[in-house]
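Down below is the structure, laid out as structure tokens.
The values are calculated or read from the model by the stated rules, or taken from the named source; none is laboratory data. Note that this is a predicted model, so its numbers are computed, not measured. Heads up, the Cβs are rebuilt from the backbone with ideal geometry, glycines too, and the neighbour counts pull from every protein chain shown. Heads up: the accessible areas ignore ligands, DNA and RNA and are worked out on the full protein's heavy atoms, side chains in. Shrake-Rupley method; radii C 1.70, N 1.55, O 1.52, S 1.80 Å.
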Amino acid sequence: MKRVYLFDEGNKSMINLLGGKGGNLSEMKKINLPIPEGIIISTEACKEYYKKGKVLNEELRDEVLEQINKLEKLTGKKFEGEKPLLVSVRSGAPVSMPGMMDTILNLGMNDKVVENMIHLFKNEDFVFELYYRFIEMFSEIVMGIEREKFCKLKENLSGKIDKNFIEKAKNLYCIESGEKFPESAKEQLFMAINSIFNSWENERAKTYRKLNRIDEDMGTAVVVQEMVFGNLNDESGTGVVFTRNPSTGDKEIFGEYILKAQGEDIVAGIRTPEPIVALKEKLPEVYEELLKVVDILEKHNKDMQDIEFTIEDKKLFILQTRNGKRTPYAAIKIAVDMVKEGLISKEEAILKVDSKVLPQLLHGNFEEKALKNAILLGQGLAGSAGVAIGRVVFSSERVHNKEMTILVREETSPEDIKGMSIAQGIVTVKGGATSHGAVVARGMGKCCITGCGEIKIDEIKREMNINGHIVKEGEFISISGYTGNIYLGKLELTEPKFDKNLEEFVNWCKNIKRLKVRMNADTVIDAKLGKKFGAEGIGLCRTEHMFFQDNKIWTIREMILSCNPKEIDKALENIHQLQRKDFYNIFKIIGNDVVIVRLLDPPLHEFLPKEQEEKEKMAKILGVSLREIEKRTRELKDENPMLGHRGCRLAVTRPELYNTQVRAIIEAGIQCKKEGIDVKPEIMIPLVIGAKELLFIKKNLIKEIKKVFEEQNMEIDYKIGTMMETPRACLLADEIGKEVDFFSFGTNDLTQTTMGLSRDDSVKFIPKYYENNILKVEPFMTIDERGVGKLVKLAVELGRENPNIEMGICGEHGGDPKSIEFFEKIGLDYVSCSPFRVLVAIVSAAQSYIKYKN
Ligand code: PEP
Ligand code: MG
């Protein structure tokens, strides 16, 4: 196995092996861009490192030394030589994980090299600064010595960094680690590689991977690259530039730089950088060259690029390029613009957008009216678009997912990643538009304001002062990632709306996709919203949810708890009237599209009265004693309510219930037809376990439907189908499929019944399954392809024995991009999901189609 590559030996298609950084550097080398030479230790070597018990084996060491030899020849510099080779050592996973892993600069420095460097550069201050930085970074990253300790040392020694200062720093290293500072460049390099491999497993990297669903086993590559010195003199510097504005998507270069600085200064947000356009005046030739490189890189990679560069004595070097993180708004604008510019095809544009961040676009902006009267507290930089409202919290640990919060920090560090992911929005006092906070928030599609220097945080009092206003932790603020404005209190939000670019983009997706996207909607409000987002009818109307609104819950309770024929008849008639009206209203909105109505499936424990007051009210409604209600409630209690008297079990024991619902559906449909609306109701039976059960219920339903047709002297088209929610139903899908017009996989219950995991309770222990790598994804969010998915696939194959059958899915997985990919692969006809996820589903369906069409 080859473990170490020269830049010359790689290219962009080798990103899985060389990491994003390594692959892109190799590619830049291929197209002759100015990049410092280097070598890449592959992700395979990293995997081997973990497999063999975290040791750098002899083969790897030998290969590294062999390639360093070649690097020395290529650069004309040598480790510890007269013209010394100094290198940066950086992590570089196949997927971008900004700031999550470690970097060491200026490696190769020792006491002898310092002398040679001074001789070469004739600048002692610069050389000692390099040496000191190296010791500090190496100590922190390789030995875990806190940077604070070095800051204190710096404070105590105030003044120029010189030989004596370096001795003190090395002493500190020695005291803290119990070892002498390594003088050999090769030893330094091996120690650094070792610690970069280890950083793959640090807590913040693990959290980032979990949040972004990045494969734990991917491993990181290590890039060892010849140093160029942005801190050499006033005509040197370092910066980051995006080929388009990552916040708005506008076609203009966007970024910042600092003169006389090294790379880390800019990403860490410690020194405030200048906007990139200012470079035009300071170093016009470099600026012109940078513009050319930016253009080449965007055209070559056919995507917006995030580029790191260093200028050494007026000479430009590119250190890294990658596809830039961007706000959802910018993602759509860039994709649409690039198609119009002829840079990419529509299909390429669709694949570029991460469908998971789209919901952010649906959360709108602040109401104009509300802004007029709002109290503006201050303003920072618009770091990441969107708006957010929440209670101020000054520490990531105190961000809770039960409350809407805005995390306000001096500056964010990778340790804040968890808090950032839960908070509604983020504000930082320091840091520019490319600082850690902004980059990570943008990636999360989360509203963020950076660099709001008007804020003074008092950690002890847990309050902040913005321009004289004191805001205490727990008070509400509203923030805008479009303007950088921070307001007091809660501002009203606008209705989500499509802008032109999004509309155009979604239209492309609609035209390309094969899967239909329907919505799970139980109310008129849901139906209107989903329709606006482009849902093609309703894939699941949960009739029991219709009773959650207003005071309707009492009607269903009355039905569940009624015993004698008189009580039952009264309860049924109430349900009939209520539901007919509800169905009519929904049918009218959906018009000619499909509405799949699922017959009652109430796990009884969710509906029975629990509190004393509720029981008393129930007793009054039914006209019986409180004791009688308590008795009936006790009798109805299931030990395993999810496997209890629910779904079509109710229809087997009490057929009149489904008959009433079907009557309401058909009557509402006929009423619509009379008004000229060609409705398409489809009736769905939940939780079936076999064909005999289904036929028993279906026979009753058809009898009732015929009755209604006769009474009304009019007929409408309708279909009868079933949910596939039990393993037995999937195994016997050929038998069931012959008897129905459609299958709809209820993957919430199917996951529950297949895995034997309760959909309500498993959250208590399932996190341990991820921690211990037993499960990779949450099975109730992303379909467990290997297990539950296998059953779905089998049922699809068996069910297709009925050539006219339609098949879809209406569990939560219907709005999950990864699951949608699976449903495309196995040839379902539609997915159905909640209205806010319809857009994600449309885009994911188009992406899946493009990926698998061949
Ligand atoms: C399902 O089980 O996947 C489903 C859609 O039904 P419910 O969530 O209502 O049980
Ligand atoms: Mg279900």
query = Got at least one residue in the range 240-255 being part of a helix (DSSP H, G or I) and free of Cβ contacts under 8 Å to residues at least 60 places away in the same chain?
reply = no
request  = Examine the range 625-633 for a residue that is within 16 Å of ligand 1 (Cβ to nearest atom), assigned to a loop (DSSP other than H, G, I, E, B) and surrounded by fewer than 19 Cβ atoms within 10 Å (Cβ to Cβ), and state whether such a residue exists.
outcome  = no
task = Could you please let me know if Gly811 is small (Gly, Ala, Ser), open to solvent by 60 Å² or more (accessible area, probe 1.4 Å) and under 30 Å from Lys692 (Cβ atoms)?
result = no
task = Would you point out which residue out of Ile15, Ile35 is in a loop (DSSP other than H, G, I, E, B), under 33 Å from the mean Cα position of the chain (by Cα), of a type in the set (A, V, I, L, M, F, W, C) and modelled with pLDDT of 95 or more?
result = Ile35
Search result, residues across the range 744-761 that are over 17 Å from Leu794 (Cα atoms), surrounded by 21 or more Cβ atoms within 10 Å (Cβ to Cβ) and more than 10 Å from ligand 2 (Cβ to nearest atom) = none
Of residues in the range 439-459 being over 19 Å from Thr272 (Cβ atoms) and among the small types (Gly, Ala, Ser), the one least open to solvent (accessible area, probe 1.4 Å) = Gly445
request  = Residue by residue through the range 734-759, note down the ones that are part of a loop (DSSP other than H, G, I, E, B), charged (D, E, K, R) and either touching a Cys at 6+ places or on another chain (Cβ under 9 Å) or within 11 Å of ligand 1 (Cβ to nearest atom) (or both).
outcome  = Arg759
inquiry  = Any residue at all in the range 721-737 that's open to solvent by 10 Å² or more (accessible area, probe 1.4 Å), farther than 11 Å from Ala691 by Cβ and hydroxyl-bearing (Ser, Thr, Tyr)?
reply    = yes
task = Just name the residue that is nearest to ligand 2 (Cβ to nearest atom) out of those in the range 767-785 that are within 17 Å of Gly811 (Cβ to Cβ) and of a type outside the set (Ser, Thr, Tyr).
result = Phe780
Lys790 vs. criteria free of Cβ contacts under 8 Å to residues at least 40 places away in the same chain, open to solvent by 80 Å² or more (accessible area, probe 1.4 Å) and in a helix (DSSP H, G or I) = yes
key: Considering residues of the range 491-510 that are touching a helix residue (DSSP H, G or I) at 6+ places or on another chain (Cβ under 9 Å) and part of a loop (DSSP other than H, G, I, E, B) only, the residue nearest to Ser395 (Cα to Cα)   = Leu491
Residues located in the range 206-243, provided they are under 15 Å from Lys21 (Cβ atoms) and among the small types (Gly, Ala, Ser) = Gly219, Ala221
task = Go through the residues of the range 694-713 one by one and say whether even a single one is within 16 Å of ligand 1 (Cβ to nearest atom), closer than 25 Å to Gln752 by Cβ and either modelled with pLDDT of 95 or more or surrounded by 20 or more Cβ atoms within 10 Å (Cβ to Cβ) (or both).
result = no
key: Where a residue in the range 744-758 is farther than 11 Å from His813 by Cα and its partner, wherever it lies, is open to solvent by 10 Å² or more (accessible area, probe 1.4 Å) and within 10 Å of ligand 2 (Cβ to nearest atom), with Cβ under 6 Å and at least six apart   = Gln752/Arg759; Thr753/Thr726
key: Filter result (more than 12 Å from ligand 1 (Cβ to nearest atom) and assigned to a loop (DSSP other than H, G, I, E, B)) within the range 674-687   = Glu675, Gly676, Ile677, Asp678, Val679
key: Looking only at the range 515-574, and only at residues there that are modelled with pLDDT of 90 or more, closer than 30 Å to Lys500 by Cβ and part of a loop (DSSP other than H, G, I, E, B), the one that is farthest from ligand 2 (Cβ to nearest atom)   = Gly534
key: Only one of Phe548, Phe476 that is surrounded by fewer than 19 Cβ atoms within 10 Å (Cβ to Cβ) and touching a Lys or Arg at 6+ places or on another chain (Cβ under 6 Å)   = Phe476
ask   = Any idea how many residues of the range 799-818 are acidic (Asp, Glu) and over 19 Å from Ile783 (Cβ atoms)?
value = 2
task = Confirm whether Ser762 is of a type in the set (Ser, Thr, Tyr) and within 14 Å of ligand 1 (Cβ to nearest atom).
result = no
key: Answer from Val688, Val708 - the residue that is more than 34 Å from the chain's Cα centre (by Cα) and more than 16 Å from ligand 2 (Cβ to nearest atom)   = Val708
task = Identify all residues within the range 762-775 that are open to solvent by 10 Å² or more (accessible area, probe 1.4 Å) and either in contact with a Ser or Thr (Cβ under 8 Å, 6 or more places away or on another chain) or part of a helix (DSSP H, G or I) (or both); write none if there are none.
result = Val763, Lys764, Pro767, Lys768, Tyr769, Tyr770, Glu771
ask   = What tally of residues in the range 823-846 results from selecting those that are surrounded by fewer than 21 Cβ atoms within 10 Å (Cβ to Cβ) and more than 14 Å from ligand 1 (Cβ to nearest atom)?
value = 5
query = Is the range 168-178 home to any residue that is open to solvent by 40 Å² or more (accessible area, probe 1.4 Å) and polar (S, T, N, Q)?
reply = yes
query = Can you find even one residue in the range 807-825 that is in a loop (DSSP other than H, G, I, E, B), within 24 Å of Arg728 (Cβ to Cβ) and within 16 Å of ligand 2 (Cβ to nearest atom)?
reply = yes
key: Single residue of Ile104, Ile141, Ile68 found to be modelled with pLDDT under 95 and open to solvent by less than 10 Å² (accessible area, probe 1.4 Å)   = Ile104
ask   = Looking at the range 635-655, is at least one residue open to solvent by 40 Å² or more (accessible area, probe 1.4 Å), in a helix (DSSP H, G or I), without any contact (Cβ under 8 Å) to a residue 12 or more places away in the chain and more than 27 Å from Phe743 (Cβ to Cβ)?
value = yes
Output for the range 798-816, where each listed residue is in contact (Cβ under 8 Å) with a residue 60 or more places away in the chain and over 23 Å from Ala521 (Cβ atoms) = Leu798, Gly799, Arg800, Glu801, Asn802, Asn804, Ile805
message = Condition (residue is open to solvent by 10 Å² or more (accessible area, probe 1.4 Å) and farther than 28 Å from Val429 by Cβ) applied to the range 265-272: is it met by at least one residue?
response = no
task = Tally the residues that are without any contact (Cβ under 8 Å) to a residue 24 or more places away in the chain and of a type in the set (Val, Ile, Thr), restricting the search to the range 16-68.
result = 1
task = Go through the range 802-818 and count every residue that is away from ligand 1 (no atom under 16 Å from the Cβ) and among the β-branched types (Val, Ile, Thr).
result = 1
